[in-house]
Amino acid sequence: MKKNRIMLSIFVGIIVLACLCMDPTPSWGQKAPPPANPQAPTISPLATGVQRGVPNEFVITGTNLANPTGASFGVAAKVTIPTADKNGLDATKFKINIEVPATTPVGWYPFRLATLKGASNLRVLCIDDIPQVISAGTNRSKPVAQAITVPCTVAGAVATEQFDYYKFTVKAGQRLSFDCLARRIGSAVDAQMSVYDAKSMREVAFDNDSPGCQTDPRISYTFKDGGEYLLEIKDVLNRGGGEYFYRIRIGDFPLATTPIPMAAKRGTKAKVLFAGPAVDGVSPVDVEVPDDPTTNVVWVSPKGASGLHGWPVPLTLSDHDEAVESEPNNDPKQANRFSVPGGITGRFQQSDDPDYYIFSVKKGQKLAIEGQTLEYYSPSILHMVLKNAKTGADIAKSNPQAPVPTDQRIDYTATDDGDVLLEVTHLHFAGGASETYRITVRPATAGFDVVLPNERFDVAPSGSAAIPVTIVRKGYTGPVELSAVGHPGFTGSATVKAGQNASLLLAVAKGDLPMGAYQFKVVARATVDGQTVTQAANAKAQVLAAMNGLAYPPMHLLNSVAVAVKEKAPFTLAIKMDPAEGVPGTTAKITVTATRDPGFDEEITLSPPTGLPATIPPLKTVPAIAKGKTESTFAIDLNAKTPMGEYFMLVNAKTKHQGKELTGAAPPLMLVLGPPFDVKVEPATANLAPGGKAKVKISVTRKGGYKGPIALDFRNLPAGVTAEKAVIAADKNDVEVTLSADVKAAPAAAVTVAVGGTATALNNLQAVSPAFAVSVQKK
């Protein structure tokens with residue numbers, strides 16, 4: 001396999017960012033990310049899943065698990081945490097009961113736990129339609145294989161240098177699928193499965209890396225003879241432990257790799273077929289494709305004759321027409337025509353099978369031609385050649401040596417009106433049931449991505465979660481509107497300003513929200529090239545880490561924000577700065593004010609502020625709000641090296657009340673650092689005759705407490721026009737300046753001029769006036 005398309009485990013670093021107005025680099029970019037809440041729960045892998053339609057009880061393990069308040073995984077469910085036998089008081093484990101409706105789709109779901117202290121890390125919860133068997137942990141050799149009855153799902157974890165064994169009975173001629181879900185659900189195991197005849201111990205079936213399954217094995221096998229057989233599961237490198245977990249689905253169900261088509265247009269109806277190693281006779285599935293622009297995938301499960309579902313495959317959503325290849329098209333004369341913008345799904349039915357497509361272009365039209373395979377769970381790797389439809393001459397090619405995903409992309413600007421031909425081949429000349437692909441041809445436009453540096457938060461009712469959002473711009477420089485959507489209990493909006501790369505979205509929790517775990521999305525909207533672009537922010541870095549570096553995690557897991565609604569503190573906080581706008585090189589007074597609930601007068605401990613730029617010296621401690629008092633004040637040093645801009649400062653608090661420790665936070669303070677003055681020029685236009693003079697008034701509005709002198713300079717005066725040197729004296733706010741035109745000054749109409757000011761007593765900080773006009777009239 002081409003080396004830069006091997007599905008390596010990739011860990012992506014996380015940078016936490018805030019917003020700067022004058023410097024587009026976010027203020028948190030010079031620091032390590034704020035650490036996750038150290039008291040928040042961490043849950044171990046959920047090898048145990050949920051069978052739909054029946055009660056399920058299992059044990060969640062991890063750290064900081066005491067006092068759980070609820071769980072969320074994106075579907076309607078009955079979740080209860082028993083309180084008998086002190087369940088929920090142990091910080092390392094507790095029992096939970098989950099029941100989901102029998103109509104819940106089979107698949108994987110983003111599981112989050114909440115405790116009184118915060119929201120957990122992400123784990124994948126599998127919901128299935130077949131019974132579940134938990135590994136006994138004593139089935140480490142063939143003689144002590146654990147007996148199971150198929151169909152079932154076996155869930156366990158391999159131990160170091162150990163194999164797990166299960167024994168089952170089949171009838172002669174019976175076909176079974178063995179689908180190992182491991183890497184695909186975040187396990188570290190590189191699993192290998194073997195099936196043995198229990199009498200002869202002869203291996204009858206084996207798999208290590210099933211195509212399109214990110215190293216997970218799959219087996220479809222028809223047993224010639226009835227009797228007892230053994231299933232062996234191991235890690236190919238003999239590793240083991242809690243992160244080396246697996247779920248093996250066993251039964252007479254289909255094994256699909258991708259849907260056909262691989263994508264569908266939003267708001268339409270799609271008839272979905274399946275590609276894969278065991279999909280013969282599977283009926284198509286009718287799908288009502290949602291029109292939600294923030295939904296990027298619908299998971300579709302093939303259903304076998306037995307009534308059991310195979311594991312779902314991703315039907316991705318698009319905003320343009322999607323077609324399916326019509327064979328034969330392995331000759332340019334048989335090329336399939338499709339429209340632009342548009343997408344088409346194809347398949348290499350056999351090895352060395354070229355596919356041809358044709359579409360029309362307009363001269364000067366810029367197009368992006370892209371192939372999608374591994375990211376949609378197809379094993380195919382493409383090579384594409386764009387050709388002149390009349391002559392067959394090559395125009396452009398994809399570059400197999402380019403970094404993923406640009407290795408399956410052609411950027412093309414049409415030189416003439418007419419048709420072009422696209423040749424698509426498998427880079428390794430492979431073919432078969434699973435070798436599918438999708439091609440899209442779309443106008444090459446500017447755009448952006450939206451990234452969540454943090455994706456889990458905690459908040460009290462009526463409080464707000466400060467969610468940092470980063471914009472990765474791809475040619476688009478305009479504003480981006482952000483909003484919290486997906487759960488009625490949370491609202492919030494913010495704007496990333498034009499040219500800026502980050503902002504902070506405050507998601508406000510309703511006052512009547514019960515304690516528990518919640519999930520929603522941060523949605524970004526912008527107008528790009530006259531079109532509304534809407535997309536959900538992604539937390540891919542955190543999801544990759546949560547899933548042991550899985551190269552292509554399930555797409556729907558990327559966009560969730562998790563929030564633990566905790567018990568409301570008996571106070572609310574407000575924060576302000578004096579002066580309201582700071583100046584680098586000065587100090588600012590911060591006041592935190594508490595509004596106490598009736599009957600509460602205990603001390604409120606404040607944390608040192610976070611979110612400040614690295615140039616501002618961090619505070620080790622700040623004064624508490626004393627018992628019975630309502631305020632705390634402290635100073636911050638607005639270091640002269642701090643860039644001017646906007647920063648978000650966060651202050652957390654805690655107290656003890658009625659025997660419990662409760663936490664709260666002030667709404668983030670926007671710390672604005674600007675110049676020590678603003679400059680204004682009057683009148684808006686100065687007219688001079690050659691040899692003449694004109695007076696303008698320069699006035700300043702002082703900020704940040706600066707009272708020193710301000711030296712003035714005129715910028716971009718017309719040729720032959722000069723200004724006398726001028727300084728606004730200390731404690732003064734204006735000065736009148738004379739402009740003079742040389743007698744030989746050439747006529748100039750409304751030249752744009754500005755006045756700069758320099759704070760000579762404060763690190764020579766500068767500000768510039770709005771532009772005004774200076775004209776030199778004809779004699």
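The values are calculated or read from the model by the stated rules, or taken from the named source; none is laboratory data. These numbers were taken from a predicted model, which means no experiment stands behind them. Cβ placement follows ideal geometry from the backbone for every residue including glycine, while neighbour counts extend to all protein chains displayed. Keep in mind that these areas ignore ligands, DNA and RNA; they rest on the heavy atoms of the full protein, side chains included. Shrake-Rupley method; radii C 1.70, N 1.55, O 1.52, S 1.80 Å.
Brief remarks follow.
- In this entry, Pro554 passes the filter for residues that are open to solvent by less than 30 Å² (accessible area, probe 1.4 Å) and within 31 Å of the chain's Cα centre (by Cα).
- Boolean, Lys510 is in contact (Cβ under 8 Å) with a residue 12 or more places away in the chain, at negative phi and out of contact with any Pro (no Cβ under 9 Å at 6 or more places or on another chain): no
- Residue count for the range 312-349, restricted to those that are more than 21 Å from Pro443 (Cα to Cα), open to solvent by 70 Å² or more (accessible area, probe 1.4 Å) and under 37 Å from the mean Cα position of the chain (by Cα): 1.
- Residue within the range 581-592 that is of a type in the set (D, E, K, R), within 17 Å of Asn652 (Cα to Cα) and open to solvent by 20 Å² or more (accessible area, probe 1.4 Å) present: no
- For the range 399-411, the count of residues that are farther than 18 Å from Pro354 by Cβ, modelled with pLDDT of 95 or more and either in contact with a Leu (Cβ under 7 Å, 6 or more places away or on another chain) or assigned to a strand (DSSP E or B) (or both) is at least one.
- Residue list for the range 328-344, restricted to those being over 27 Å from Arg266 (Cα atoms) and either in contact (Cβ under 8 Å) with a residue 40 or more places away in the chain or out of contact with any helix residue (DSSP H, G or I) (no Cβ under 9 Å at 6 or more places or on another chain) (or both): Asn329, Asn330, Asp331, Pro332, Lys333, Gln334
- Residue tally, condition outside any loop (DSSP other than H, G, I, E, B), free of Cβ contacts under 8 Å to residues at least 60 places away in the same chain and acidic (Asp, Glu), over the range 572-613: 1
- For the range 742-755, taking the residues that are open to solvent by 40 Å² or more (accessible area, probe 1.4 Å) and part of a strand (DSSP E or B), the one that is farthest from Val583 (Cα to Cα) is identified as Ala749.
- Residues satisfying the stated conditions in the range 716-741, i.e. open to solvent by 80 Å² or more (accessible area, probe 1.4 Å) and either in contact with a Gly (Cβ under 8 Å, 6 or more places away or on another chain) or in a loop (DSSP other than H, G, I, E, B) (or both): Asn716, Ala719, Glu724, Lys725, Asp731, Lys732
- Residue list for the range 527-566, filter: in a strand (DSSP E or B) and aliphatic (A, V, I, L, M): Val528, Val533, Ala536, Val561, Ala562, Val563, Ala564, Val565
- Of the candidates Glu423, Glu481, the single residue that is closer than 30 Å to Ser210 by Cα, outside any loop (DSSP other than H, G, I, E, B) and not basic (Lys, Arg) is Glu423.
- The residues on offer are Ala517, Ala524, Ala569, and the sole one that is assigned to a strand (DSSP E or B), open to solvent by less than 10 Å² (accessible area, probe 1.4 Å) and either over 20 Å from Glu481 (Cβ atoms) or of a type outside the set (D, E, K, R) (or both) is Ala524.
- Output for the range 288-311, where each listed residue is in a strand (DSSP E or B) and open to solvent by less than 50 Å² (accessible area, probe 1.4 Å): Val297, Val298, Val300, His309
- Going through (1) within 23 Å of Ala275 (Cα to Cα); (2) open to solvent by less than 10 Å² (accessible area, probe 1.4 Å) one by one, Phe359 falls short only on (1).
- Qualifying residue in the range 427-436 (condition: touching a residue at least 12 places away in the same chain (Cβ under 8 Å), among the aliphatic types (A, V, I, L, M) and either open to solvent by less than 10 Å² (accessible area, probe 1.4 Å) or touching a Cys at 6+ places or on another chain (Cβ under 6 Å) (or both)): no
- Flag if Asn454 is open to solvent by 10 Å² or more (accessible area, probe 1.4 Å) and closer than 30 Å to Gln39 by Cα: yes
- If you go through the range 241-270 and keep only what is open to solvent by less than 50 Å² (accessible area, probe 1.4 Å) and closer than 21 Å to Ser44 by Cβ, you end up with Gly241, Tyr244, Phe245, Tyr246, Arg247, Ile248.
A quick yes/no check of all residues on (1) open to solvent by 10 Å² or more (accessible area, probe 1.4 Å); (2) without any contact (Cβ under 8 Å) to a residue 60 or more places away in the chain; (3) part of a loop (DSSP other than H, G, I, E, B); (4) under 30 Å from Ser378 (Cβ atoms):
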residue	(1), (2), (3), (4)
Gln192	yes, yes, no, yes
Ser200	yes, yes, yes, no
Phe206	yes, yes, no, yes
Cys213	no, no, yes, yes
Asp216	no, yes, yes, yes
Ser220	yes, yes, no, yes
Glu228	yes, no, no, no
Arg239	yes, no, yes, yes
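- In the range 499-514, the residues that are part of a strand (DSSP E or B), open to solvent by 40 Å² or more (accessible area, probe 1.4 Å) and not β-branched (Val, Ile, Thr): Leu506
- Strands (runs of 3 or more DSSP E) within the range 646-707 that include 1 or more residues within 30 Å of Ala726 (Cα to Cα) and either open to solvent by 30 Å² or more (accessible area, probe 1.4 Å) or in contact (Cβ under 8 Å) with a residue 12 or more places away in the chain (or both): 669-673, 677-682, 685-688, 693-702
- Residue match in the range 370-392 (condition: open to solvent by 60 Å² or more (accessible area, probe 1.4 Å), within 30 Å of Phe274 (Cα to Cα) and either aliphatic (A, V, I, L, M) or without any contact (Cβ under 8 Å) to a residue 24 or more places away in the chain (or both)): no
- Filtered residue count, the range 350-359, keeping only those that are hydroxyl-bearing (Ser, Thr, Tyr) and either more than 15 Å from Thr425 (Cβ to Cβ) or more than 36 Å from the chain's Cα centre (by Cα) (or both): 1
- Residue check for Pro131: in contact with a Pro (Cβ under 9 Å, 6 or more places away or on another chain), more than 18 Å from Glu243 (Cα to Cα) and of a type outside the set (Gly, Ala, Ser): yes
- Top-ranked residue of the range 532-551 - restricted to ones that are surrounded by fewer than 21 Cβ atoms within 10 Å (Cβ to Cβ) and in contact with a helix residue (DSSP H, G or I) (Cβ under 8 Å, 6 or more places away or on another chain), ranked as farthest from Glu243 (Cα to Cα): Lys540
- Residue match in the range 497-520 (condition: of a type in the set (A, V, I, L, M), more than 22 Å from the chain's Cα centre (by Cα) and either at pLDDT 95 or above or within 25 Å of Gly118 (Cα to Cα) (or both)): yes
- Search result, residues across the range 95-138 that are closer than 26 Å to Leu662 by Cβ and of a type outside the set (A, V, I, L, M): Arg112, Thr115, Lys117, Gly118, Ser120, Asn121
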